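Engineer: I'd like to ask you about the structure that follows.
The values are calculated or read from the model by the stated rules, or taken from the named source; none is laboratory data. The model shown is predicted, which means the values in this text are computed figures rather than measured ones. Because the Cβ atoms are built from the backbone with ideal geometry, glycine has one as well, and the counts that use them run over all protein chains shown. We work out accessible area using only protein heavy atoms, side chains counted, and drop any ligands, DNA or RNA first. Shrake-Rupley method; radii C 1.70, N 1.55, O 1.52, S 1.80 Å.
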Amino acid sequence: MTRTPFVIRFCNATPKSGWIALGIFAAIAMLLLPALHLVLPPEHPLHVSAYVITLGGKIMCYAIVAVAMDLIWGHAGILSLGHGLFFALGGYVFGMYLMRQIGRDGSYQSDLPDFMVFLDWKELPWYWAGSDSFLWSLALVLIVPALIAYVFGYFAFRSRIKGVYFSIITQALTFAAMLLFFRNETGFGGNNGFTDFKRILGYGVTTPEMRVTLFALTALVLMATLLLGRYLVTAKFGRVLAAIRDSESRVMFLGYNPLHYKLAIWTLSAMLCAVAGALYVPQVGIINPGEMSPANSIEIAIWVAVGGRGTLIGPVIGAAIVNLSKSYFTMAFPEYWLFFLGALFVGVTLWLPDGVVGLWKRIQARRVA
Amino acid sequence: MNAVTENRHDQEWLGGTSIGHLKRHGEVDLSHRVILYLEDISVSFDGFKALNNLHLTIDAGELRCIIGPNGAGKTTMMDVITGKTRSDAGRCFFGQTIDLSTLSEAEIAHAGIGRKFQKPTIFENLSVFENLELALKTDKRARVSLFAWLGDDQRDKITDTLKQIRLDKGVGGADRPAGLLSHGQKQWLEIGMLLMQDPKLLLLDEPVAGMTDDETERTAELFKSLAGKHSLVVVEHDMAFIEQLGGKVTVLHEGAVLAEGDLATVQNDERVIEVYLGR
Ligand SMILES: Nc1ncnc2c1ncn2[C@@H]1O[C@H](COP(=O)(O)OP(=O)(O)OP(=O)(O)O)[C@@H](O)[C@H]1O
Ligand SMILES: [Mg+2]
């Protein structure tokens, strides 16, 4: 038997039904909705508003984060409560590029971003070097979070820090980063963060065309993330992760070094979050240290729990359900949102241990029986 | 795979870990026909001596049984050999050249020592087949596992082992989750995982606990067929099983060797009788 080419094995990792679902999703997210937004006039009943496009794009960014979280929590059993940090870092790195693209159109008409003029800085800090380059910024979106995740993960996993201890340390990490970014002197705009973006590659960031481009791009990245995740968890690599989740010491006696496996999936997960953050910032138009708040990272875990841990598609559904309810609640009864979120989490933990996907499977099983 | 590339893989794999004892790695040196040599091993837990100047020599290809009352230190001895517990004093050699006290758990596994735990530890959420697949002797680095796939010969090897441990049939066959197996079947699966690693030395801690008489008998047959090509150290309480195995028997008591010889000899030893009956 000859070796099956990698591309074929990659594609086979996702079942046919998955490919069909992705095809339908692609047609809707990349053709239908953009067309309904761009082509139809606003008064047409089928017109899709800018609000819907932006909300959809935002939720897809969250969905990418949820899948990244599922890879590390659902499949490797490592609960990170600091994933909001990597999301925010990706957002900040791309936000630096967006700030540079404002050029002299800011309120102070300076080459420097407004907040630096306000601080009376005369030149860019060294770490802003190259931030006017689109490609360099894209590279940094991946490199910076990867580096931080790798170094942090190396020391944490090497010291065999596990379970709740690991979760607490990741919370502390994102909290510390938030405090750092709140300071004006750090050079990332303090508590206002970055906003008032104007352009990407010279094209207006608030135009309908740019809006649907970012929307379609986010859909593409989400689909790619799902395919990649599916490949990883069906490859031998994924089975070793599942084995580590079951019994790490047994894995070691079989001759595997769990450190490298955990580090690989942890770093990849952080990078996926960063990509999502970079896509999120131009669509939402703002990034500030609030994204690094411990509560944000906890919410990510709730999306995954609601959708169903270890199912890849479940977290996407969970992110959508929670965030759609959030947009509804924060408009209708803003003061009750956190109560609802808490109740949802408790309810899911008590009655739906496998989340929405688990419920669906149970219903299917009952229908067959 | 020929021996040279296999060696290189071993070394690359070890290069990824922090401990650098590469020189000593490679083939186990059996020039004096001894595969395991324990000298003066002592382990204490909070002052309590679990192992007390333990001496033990296992010949290459031997099938050795270890018996002894509860708490004699049998499991602790295996912990020391596999690197799970470090001895306070003494030396522990695999072959002539490999000093086990300097290697990590994973490195010891790679050197060729496989272990079955007293409490069966299999991966409950993986299928029977996948449990064996993970145990398969192959390159186990993360970046290789990303692209790894099972070749025909590896599949055959898993299929053969499945037959050997009789888990190829029954509801779901090799695809059933390992967590659903009976206790005896779990024991066999773990033995199968040991076989997949193709270790030179097998350490088996109470392998037939929870098995039916029939299963026990078949396990004895299996072990006897493995001896010669592999070396086995079997810890058991089940005397009928030890009799079936028929190898040399070592009696441990309070962390040291009390008697050694064939089963009939040690069973007639005054001190052994006292230890077993005097409780
Ligand atoms: N981690 C530990 N901490 C403290 N004491 C320990 C530890 N491990 C073992 N012991 C003690 O060391 C002694 C030897 O234990 P060990 O498990 O080796 O006995 P054993 O011969 O395997 O017994 P059994 O037949 O019951 O399995 C026991 O008294 C046990 O309580
Ligand atoms: Mg024991």
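Engineer: Please enumerate the residues belonging to the range B:192-201 that are more than 17 Å from residue B:160 (Cβ to Cβ) and either assigned to a helix (DSSP H, G or I) or open to solvent by less than 10 Å² (accessible area, probe 1.4 Å) (or both). Spell out how you get there, then give the answer.
Structural biologist: Restricting attention to the range B:192-201, the residues satisfying the condition of being more than 17 Å from residue B:160 (Cβ to Cβ) are B:200-201.
Within the range B:192-201, just B:201 meets the criteria.
Engineer: Out of the residues in the range A:116-151 that are touching a helix residue (DSSP H, G or I) at 6+ places or on another chain (Cβ under 7 Å) and closer than 16 Å to residue A:184 by Cα, which is most open to solvent (accessible area, probe 1.4 Å)?
Structural biologist: A:119
Engineer: Being within 25 Å of residue B:173 (Cβ to Cβ), in contact (Cβ under 8 Å) with a residue 60 or more places away in the chain and within 7 Å of chain A (Cβ to nearest Cβ): is that true of residue B:135 here? Walk me through how you get there before you give the answer.
Structural biologist: Details: within 25 Å of residue B:173 (Cβ to Cβ): yes; in contact (Cβ under 8 Å) with a residue 60 or more places away in the chain: yes; within 7 Å of chain A (Cβ to nearest Cβ): yes.
Yes; evaluated as a whole, the condition is true for this residue.
Engineer: When only residues in the range B:173-191 that are of a type in the set (Gly, Ala, Ser) and surrounded by fewer than 22 Cβ atoms within 10 Å (Cβ to Cβ) count, which is nearest to ligand 1 (Cβ to nearest atom)?
Structural biologist: To start, the set of residues in the range B:173-191 that are of a type in the set (Gly, Ala, Ser) comprises B:173-174, B:178-179, B:182, B:184.
Remaining after also requiring surrounded by fewer than 22 Cβ atoms within 10 Å (Cβ to Cβ): B:173-174, B:179, B:182, B:184.
Values: B:173: 33, B:174: 31, B:179: 24, B:182: 21, B:184: 18 Å.
Among residues in the range B:173-191 that are of a type in the set (Gly, Ala, Ser) and surrounded by fewer than 22 Cβ atoms within 10 Å (Cβ to Cβ), the one nearest to ligand 1 (Cβ to nearest atom) is B:184.
Engineer: Another question about this same structure. So residue B:61 clears everything in (1) surrounded by fewer than 17 Cβ atoms within 10 Å (Cβ to Cβ); (2) within 14 Å of ligand 2 (Cβ to nearest atom) except one condition, right? Which one?
Structural biologist: Among (1) surrounded by fewer than 17 Cβ atoms within 10 Å (Cβ to Cβ); (2) within 14 Å of ligand 2 (Cβ to nearest atom), residue B:61 violates only (2).
Engineer: Which number in (1) within 16 Å of ligand 2 (Cβ to nearest atom); (2) within 17 Å of the chain's Cα centre (by Cα); (3) open to solvent by 10 Å² or more (accessible area, probe 1.4 Å) marks the one condition that residue B:93 misses?
Structural biologist: (1)
Engineer: Open to solvent by 30 Å² or more (accessible area, probe 1.4 Å), away from ligand 2 (no atom under 14 Å from the Cβ) and part of a strand (DSSP E or B) - does that describe any residue in the range B:69-87?
Structural biologist: No, the range B:69-87 contains no residue that is open to solvent by 30 Å² or more (accessible area, probe 1.4 Å), away from ligand 2 (no atom under 14 Å from the Cβ) and part of a strand (DSSP E or B).
Engineer: Does residue A:102 count as touching a Cys at 6+ places or on another chain (Cβ under 8 Å) and either farther than 14 Å from residue A:170 by Cβ or of a type in the set (Ser, Thr, Tyr) (or both)? I'd like the intermediate steps shown before the answer.
Structural biologist: Numbers: touching a Cys at 6+ places or on another chain (Cβ under 8 Å): no; either farther than 14 Å from residue A:170 by Cβ or of a type in the set (Ser, Thr, Tyr) (or both): yes.
Spelling it out, it is not the case that residue A:102 is touching a Cys at 6+ places or on another chain (Cβ under 8 Å) and either farther than 14 Å from residue A:170 by Cβ or of a type in the set (Ser, Thr, Tyr) (or both).
Engineer: Please go through the range B:159-200 and pick out each residue that is within 13 Å of chain A (Cβ to nearest Cβ), within 21 Å of residue B:223 (Cα to Cα) and not charged (D, E, K, R).
Structural biologist: Of all residues in the range B:159-200, those within 13 Å of chain A (Cβ to nearest Cβ) come to B:177-179, B:186, B:189-190, B:192-199.
Checking the rest, the ones that are also within 21 Å of residue B:223 (Cα to Cα) come to B:186, B:189-190, B:192-199.
Correct list: B:189, B:192, B:193, B:194, B:195, B:196, B:197, B:199.
Engineer: Filtering the range B:207-241 down to residues that are assigned to a loop (DSSP other than H, G, I, E, B) and surrounded by 13 or more Cβ atoms within 10 Å (Cβ to Cβ), which residue is nearest to ligand 1 (Cβ to nearest atom)? Step through it out loud before you land on a result.
Structural biologist: We begin by selecting, within the range B:207-241, every residue assigned to a loop (DSSP other than H, G, I, E, B); these are B:207-212, B:228-229, B:236-238.
Okay, now just the ones that are also surrounded by 13 or more Cβ atoms within 10 Å (Cβ to Cβ), so B:207-211, B:236-238.
Working: B:207: 13, B:208: 14, B:209: 10, B:210: 14, B:211: 16, B:236: 9, B:237: 7, B:238: 12 Å.
Among them, the one singled out is B:237.
Engineer: From A:270, A:295, A:278, A:264, grab the single residue that is in a helix (DSSP H, G or I) and within 14 Å of another protein chain (Cβ to nearest Cβ). Let's see the steps before the verdict.
Structural biologist: Values: A:270 fails: within 14 Å of another protein chain (Cβ to nearest Cβ); A:295 fails: within 14 Å of another protein chain (Cβ to nearest Cβ); A:278 fails: within 14 Å of another protein chain (Cβ to nearest Cβ).
Sole residue among the options that is in a helix (DSSP H, G or I) and within 14 Å of another protein chain (Cβ to nearest Cβ): A:264.
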